[in-house]
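**Q** First the structure, which I've put down as structure tokens, then a few questions once you've had a look.
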């Protein structure tokens, strides 16, 4: 189970604070090549770690914008990985793409990805409203998102995930509903919908500090989330994680494994790894020549005793999840190290959900409409447990 971070974008989105560098295919060819060599070298050094995750054969290439990287260099990285621990036949091989890159590079590029073994494509659409897309500083418009999806299908991609964003203060229910309606006409196998978050180091964080953006009230965000839940459920999508819906049998294998605390190796700048006990991460930077600094810049040490249960609560560990959400008996198994205020934060809120009809006492499953509050509960847990 390997994650590869490609730290390049052609522009920065308003809301994003993931590590990335502005780069273009023509101008920055040497930078791309140096990055490719550095990632291959890191994979070689960490071959034993990669081998140790072979019981779940998945590869996820994210970013940044992986579709900015030339196909020839992507092929070099994949070939190296498959000669050094990653099996040639993967259960799931996902790559993230930007619609604009798919339109510019066309079906031949997509067929090239399939030739590398890619069997799942995650495309960041975010919205089909051009005004919203411009505010996000996305490179594509709605027309190109539509065209990109048609290109993916025409080239033979039969497992597509579409990303959406909700929770913008200027996003109306009518606009969101129009986007959802059209996405459902596309019938992608998977849909992820993430609430806009204010990241301190993003352009949006600066806008908030300057008073140029006011965060959407919780009631507005909750209403938008409820609309998503209702429309996607009616269209036959399984709501298997808080932010993820899939047609039956098309749930994301790689991402779901994170919540089950499966060991994984993260390659590239800023990538995180987990060996089953310890979390570690790479420095979130590239040297000027494209090389990576020493790969492990931080280590969380043994996973904090309260982190695992929180993870299961906040995301719905697959071994306990129902189609409606998270089975709550996990909460009763918090270790003694969890502080009393934190325990109260987690237990008290589900009790309130039960009173409000958001949770079934029969099997302690959180109903779908309680998912939005569940996310809040995880934040409250972290807040109470910090000294």
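**Q** Suppose R0 equals 35 Å. What FRET efficiency, 1/(1 + (r/R0)^6) with r the Cβ-Cβ distance, do residue 21 and residue 52 give to the nearest 0.05?
**A** That gives a FRET efficiency of 0.70.
**Q** For a quick protection proxy, order the peptides 264-270, 171-177 by their average other-Cβ count within 10 Å, most packed first.
**A** Ranking the peptides 264-270, 171-177 by packing returns 264-270, 171-177.
**Q** What Rg and what Dmax come out for the stretch 2-259 when only alpha-carbon atoms are used, in angstroms?
**A** 18.5, 52
**Q** Where does each of 235-248, 105-118 land if you order them by average Cβ count within 10 Å, highest first?
**A** Descending packing order for the listed peptides: 235-248, 105-118.
**Q** Take residue 261 and residue 141, extend 7 Å from each Cα along the Cα→Cβ direction, and tell me the distance between the two endpoints in nm.
**A** Here the modelled spin labels are 5.0 nm apart.
**Q** Could you give log10 I(q)/I(0) at q = 0.14 Å⁻¹ for the stretch 153-200, computed by the Debye formula over C-alpha point scatterers of equal weight, without solvent?
**A** Debye curve over Cα of the stretch 153-200, log10 I(q)/I(0) at q = 0.14 Å⁻¹: -0.44.
**Q** Run the quick spin-label model on residue 75 and residue 277: label points 7 Å from Cα toward the beta carbon, then report their separation in nm to one decimal.
**A** 4.3
**Q** I need the semi-axes of the equivalent ellipsoid of the stretch 1-136: take the C-alpha gyration tensor, multiply each eigenvalue by 5, square-root it, list largest first in whole angstrom.
**A** 26, 17, 15
**Q** When every alpha-carbon pair in the stretch 74-159 is counted, what percent end up more than 17 Å apart?
**A** 50
**Q** If R₀ is 22 angstrom, what is the calculated FRET efficiency for the pair residue 215 and residue 11, using the beta carbon separation as r and rounding to 0.05?
**A** E between residue 215 and residue 11, to the nearest 0.05, is 0.40.
Every read-out reported here was derived from the displayed coordinates using simple, explicitly stated rules and does not represent laboratory data. These numbers were taken from a predicted model, which means no experiment stands behind them. Don't worry about glycine lacking a Cβ; one is built from the backbone with ideal geometry, like all the others, and counts go over all protein chains shown.
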